[in-house]
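A.B. asks: Here it is, the structure in full.
Derivation of every value follows stated rules applied to the coordinates shown; laboratory data play no part. Computed from a predicted model, the values in this text were never measured in an experiment. Don't worry about glycine lacking a Cβ; one is built from the backbone with ideal geometry, like all the others, and counts go over all protein chains shown.
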Amino acid sequence: MADMSVIEPVPEGATWVVRDPEGRIVAFSAEPIRLEMTTQLGEALGGTEGEE
Amino acid sequence: MGALPQGMASQILNATLPTGAVGAPGAWTALNAGAMKIRLNSTASTAAAYGTELTGTGYTAGGTAVPGASTASAAGSSVTLPHGGSLSWANTSGSQWSIVSLDITDAAVTPVRCWFGNLTGQPVLVANGNTFQIAADAISVGLS
């Protein structure tokens, strides 16, 4: 007999998912995983704008 | 949220500012040429140190290599990974995983930590028998 099981597709926009042993999704997140660094030098230089 | 580890921040600063001889740019220490890795942790990584790495069957110490080359940054755009496919870890450790953070490292035996950050929605609980999967290009890394 053919195995007709189908792994549940990743939800649109999901960044991570947790699947059970049958492939069903039991948890997921659609929030981006962002690793960002702010360039503080640019902010510091911009801080003098408008001063008299 | 995530950021540069202290060591990588110093690398960038030293290599792009006059910290070298006679005011030249400082030297850049090249990273390992192998595929970079994503390491998963059960505690938060910080600028100073890795989080506590996952253990047990289903997780390879040191992390898992990305499947392919990301699209290079242009005009300051962010870089996304893993590119070319998702990454999965099937937990057969016998106990639940609690995933809080990840690190991106090079492939050296003693890796260089390049970026770190927490997972959205952390802690992500992965029961024994379940699989944790990061979708393709789900991690966005940038300097803003």
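A.B. asks: What are the ³J(HN,Hα) values, in whole Hz, obtained from phi via the Karplus relation 6.51 cos²θ - 1.76 cosθ + 1.60 with θ = phi - 60°, for each residue of the stretch B:6-23 in sequence order, with x given for Gly and Pro?
C.D. replies: Per-residue couplings from phi come out as 3, x, 6, 4, 5, 4, 5, 4, 5, 7, 10, 9, x, 9, x, 4, 6, x Hz.
A.B. asks: Taking one equal scatterer on every alpha-carbon of the protein assembly as shown, how large is log10 of I(q)/I(0) by Debye at q = 0.13, 0.14 1/Å?
C.D. replies: -0.75, -0.85
A.B. asks: Okay, moving on. Above 14 angstrom, tally the Cα pairs of the stretch B:63-142 and express them as a % of all pairs, no decimals. Show your work: numbers first, answer last.
C.D. replies: Details: 2152 of 3160 pairs.
Here the tail beyond 14 Å accounts for 68 percent of pairs.
A.B. asks: What is the distance, in nm, between label points placed 7 Å from the Cα along the Cα-to-Cβ direction at B:Ile12 and at B:Glu53?
C.D. replies: 2.4 nm
A.B. asks: Once you have the Kirkwood Rh of chain B from its Cα pairs, apply Stokes-Einstein at 20 °C and 1.002 mPa s and quote D in µm²/s.
C.D. replies: Values: Rh = 16.2 Å.
Roughly 132 µm²/s, to the nearest whole number.
A.B. asks: Pull up all non-local amide H partners of B:Thr43: gap of 5 or more, or a different chain, and H-to-H distance under 5 Å with H placed in the peptide plane.
C.D. replies: Here the answer is B:Thr52, B:Val100, B:Ser101, since their amide H atoms fall under 5 Å of that of B:Thr43.
A.B. asks: Charges only on Cβ, +1 for Lys and Arg, -1 for Asp and Glu: so what's the dipole of the protein assembly as shown about the Cα centre, in debye to the nearest 20?
C.D. replies: Around 600 debye, computed over the protein assembly as shown.
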